[in-house]
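Here is the structure we will look at.
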Amino acid sequence: MSNVIEKWDYFELALKADTSDNPFLDMTLEADFSYQHRTITVAGFYDGDQTYRVRFMPDMEGTWRYVTRSNLAALDGQQGEITCVAPSGNNHGPVRVIDQYHFAYADGTPYHPVGTTCYVWNHQGDDLEAQTMATLKDAPFNKMRMCVFPKRYTFNKNEPPCYPFEGDVKREWDNSLLDDYKSQAPPDFWNFKRFNPEYFRKLERHILDLRQLGIEADLIIFHPYDFGAWGFDRMPAEVNDRYLQYLTARVSAFRNVWWSFANEYDLMIDLDLNDWDHYFKMVQANDPYDHLRSIHNCREFYDHSKPWVTHGSIQSSELLEMPDWLRQYQKPMVVDECGYEGDISRAWGSLSAEALVEYFWLGFACGGYVGHGETYWNQEEVLWWSKGGTLHGDSPARIAFLRQMIEAVPAPGLSPFDSGKEIHSVIPEGVYKGMACGHHGDDYYLIYFARHQPRFRLFDLPEGGSYHIDIIDTWNMTIERIADAVSGHVEIELPSKKYLAVRVERNP
């Protein structure tokens, strides 16, 4: 790999060494990368075929020098330098939390997550995975939730192309396993002391493919949807630790990685809050680039106020709670699962497109973020939410329209109103249940009426200012200017229909 690297790209050092020991357990490798007064230490990893690798993401332009350390002589004391040059194209660096509610790329470019869930699209074989990537090229999403481990669940009972550990599956899928799942011991058909590098190389390719499209890879590290098929949800504690160390060593140098520690963590019955705290702190210590960290709930929220949590990843359909969550945690809040547009028998997978779009607007208008999923049944059982493929719903086009609205908000984004009194100072009639409102100081207000259909609305805008007012039809994706230069007490007429929003913006 070239020694000239863009800022926030990754440099890879590959070293050959032969050993009769287990390279996953017995060999150590790390490297110090130094720039002027700074030194960043990164862990290396074994990639099979007598090959060890170290990956590094530089964050400063100039010359970086490196030296390796290892208990294997052939790997120890290797030295060199790399030249870091200015980023180009869509390379804005990793996403960071920019204030208590919002994100931005490392170069300061605002980033508003408009994500989708596609849990195991990366375990479906080349043809379907290529189809998913082709779909994403024309989709509005800039974040993808995806599992590291394979998943066994409704509409998803196929085996992955390969597995994360050496060994062979010796147990066929059996629905009876659901009945005695709690009593099962970890399987004995894996060699948990030896990773399968092929599995992780495939994961890396997909992360980098997403990076090419400007999509963040929100990696779900653990999940409970195994039900005895493979046992990756109940590995011994020391294996979980080795897995986290190996995973972070392999992929943390990729700028578009986010860490999602679990999907529905509270359904993983063998792990408690102390375990999750430990995993957070372990990855935080092993990731020198401080990628974003979250954890997703089924019922009970994890305590997002803990210092190692960067943002909330929530499952809830109570989108009007968003202002309370933002004020409580003082961190960006992403409702990654509010339900999915689809027609399957499960309540969470049979939302209409109108309902999902309404959830999106309710969450975004308050200063939060919302994620998409799709579960339309088909005979092949290729549902986007799990396997990817193609999109069939009516929500993505409306989500793309909303993304344009959100990205036009003054940086860093909308904030919830601090109190009912503050809301009434601008909107005398207030915001009622089922409606949402956010603002950017006195420069920008967004009110989403959802299913309400008022004919008139009153505003008390700051005196001395000059504002224009637009009516946004969120379903038909139209914007109509109804006032160009107003201030003070303003009454506007609305078309008395559902799913409207009003945008009030100060004139330049």
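The values are calculated or read from the model by the stated rules, or taken from the named source; none is laboratory data. All of these numbers come straight from a predicted model, not from anything done at the bench. Glycine also receives a Cβ, built like all others from the backbone with ideal geometry; neighbour counts cover every protein chain displayed.
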Picking from 70, 20, which residue would you name as being modelled with pLDDT under 95 and not assigned by TED's automatic domain parsing to the domain that holds residue 220? 20
Where residues in segment 419-450 are touching a helix residue (DSSP H, G or I) at 6+ places or on another chain (Cβ under 9 Å), part of a loop (DSSP other than H, G, I, E, B) and touching a residue at least 12 places away in the same chain (Cβ under 8 Å), which of them is farthest from residue 369 (Cα to Cα)? 442
Okay, strands (runs of 3 or more DSSP E) sitting entirely in segment 56-150 with 2 or more residues that are closer than 30 Å to residue 224 by Cα, I get 95-97, 115-117, 143-147
Among the residues listed as 60, 27, the single one being of a type in the set (A, V, I, L, M, F, W, C), at pLDDT below 95 and not assigned by TED's automatic domain parsing to the domain that holds residue 238: 27
Of everything in segment 198-231, what is closer than 21 Å to residue 7 by Cα and either among the acidic types (Asp, Glu) or without any contact (Cβ under 8 Å) to a residue 24 or more places away in the chain (or both)? Give them in sequence order. 204, 205, 209, 212, 216
Between 218, 270, 241, which is surrounded by fewer than 21 Cβ atoms within 10 Å (Cβ to Cβ), modelled with pLDDT of 95 or more and among the charged types (D, E, K, R)? 241
Criterion first (in contact with a helix residue (DSSP H, G or I) (Cβ under 7 Å, 6 or more places away or on another chain), assigned by TED's automatic domain parsing to the domain that holds residue 104, more than 27 Å from residue 11 (Cβ to Cβ) and buried (at least 21 other Cβ atoms within 10 Å of the Cβ)) does residue 261 satisfy it? yes
Taking the residues in segment 64-87 that are loosely packed, with under 13 Cβ neighbours inside 10 Å and without any contact (Cβ under 8 Å) to a residue 60 or more places away in the chain as candidates, determine which candidate is nearest to residue 105 (Cα to Cα). 79
Hey, any hits in segment 388-407 for a residue that's part of a loop (DSSP other than H, G, I, E, B), under 18 Å from the mean Cα position of the chain (by Cα), in the same structural domain as residue 218 (by TED's automatic domain parsing) and at pLDDT 95 or above? yes
Somewhere in segment 349-368, is a residue at positive phi, in contact with a Pro (Cβ under 7 Å, 6 or more places away or on another chain), modelled with pLDDT of 95 or more and not in a helix (DSSP H, G or I)? yes
Among the residues of segment 32-60, how many are out of contact with any Pro (no Cβ under 9 Å at 6 or more places or on another chain) and over 24 Å from residue 193 (Cβ atoms)? 8
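Listed here are the residues, each with its yes/no results for (1) of a type in the set (Ser, Thr, Tyr); (2) within 25 Å of residue 360 (Cβ to Cβ); (3) at pLDDT below 95.
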| site | (1), (2), (3) |
| --- | --- |
| 461 | no, no, no |
| 473 | no, yes, no |
| 477 | no, yes, no |
| 496 | yes, yes, yes |
Say whether the condition of being closer than 17 Å to residue 115 by Cα and in contact with an Asp or Glu (Cβ under 6 Å, 6 or more places away or on another chain) is met by at least one residue in segment 356-373. yes
Selection from segment 455-508 of residues buried (at least 18 other Cβ atoms within 10 Å of the Cβ), among the hydroxyl-bearing types (Ser, Thr, Tyr) and more than 30 Å from residue 396 (Cα to Cα) yields 467
Taking first residues from segment 1-29 that are within 19 Å of residue 48 (Cα to Cα) and second residues anywhere that are among the β-branched types (Val, Ile, Thr) and surrounded by fewer than 19 Cβ atoms within 10 Å (Cβ to Cβ), the pairs with Cβ under 8 Å that are 6 or more apart or on different chains are 14/51; 15/51; 16/51; 26/19; 27/19
Take residue 157 and tell me if it is of a type in the set (Lys, Arg), at pLDDT 65 or above and closer than 20 Å to residue 375 by Cβ. yes
Test residue 293 against the criterion of being surrounded by 17 or more Cβ atoms within 10 Å (Cβ to Cβ), modelled with pLDDT under 95 and among the basic types (Lys, Arg), and give yes or no. no
Just one of the numbered conditions (1) over 33 Å from the mean Cα position of the chain (by Cα); (2) surrounded by 13 or more Cβ atoms within 10 Å (Cβ to Cβ) is not true of residue 446; which one? (1)
Scan segment 30-46 residue by residue and report those that are crowded, with 20+ Cβ neighbours inside 10 Å and either farther than 12 Å from residue 65 by Cα or not assigned by TED's automatic domain parsing to the domain that holds residue 63 (or both). 42, 44, 45, 46
Report whether or not residue 50 is polar (S, T, N, Q), over 20 Å from residue 288 (Cα atoms) and surrounded by 14 or more Cβ atoms within 10 Å (Cβ to Cβ). no
Contact list, first residue from segment 232-255 and more than 15 Å from residue 47 (Cα to Cα) and touching a residue at least 12 places away in the same chain (Cβ under 8 Å), second anywhere and crowded, with 21+ Cβ neighbours inside 10 Å and of a type in the set (Ser, Thr, Tyr), beta-carbon distance below 7 Å, six or more apart or interchain, is 244/279
Residues that are under 18 Å from residue 118 (Cβ atoms), without any contact (Cβ under 8 Å) to a residue 12 or more places away in the chain and surrounded by fewer than 17 Cβ atoms within 10 Å (Cβ to Cβ): does segment 379-387 have at least one? yes
Tell me whether segment 476-493 contains one or more residues that are in contact (Cβ under 8 Å) with a residue 40 or more places away in the chain and part of a strand (DSSP E or B). no
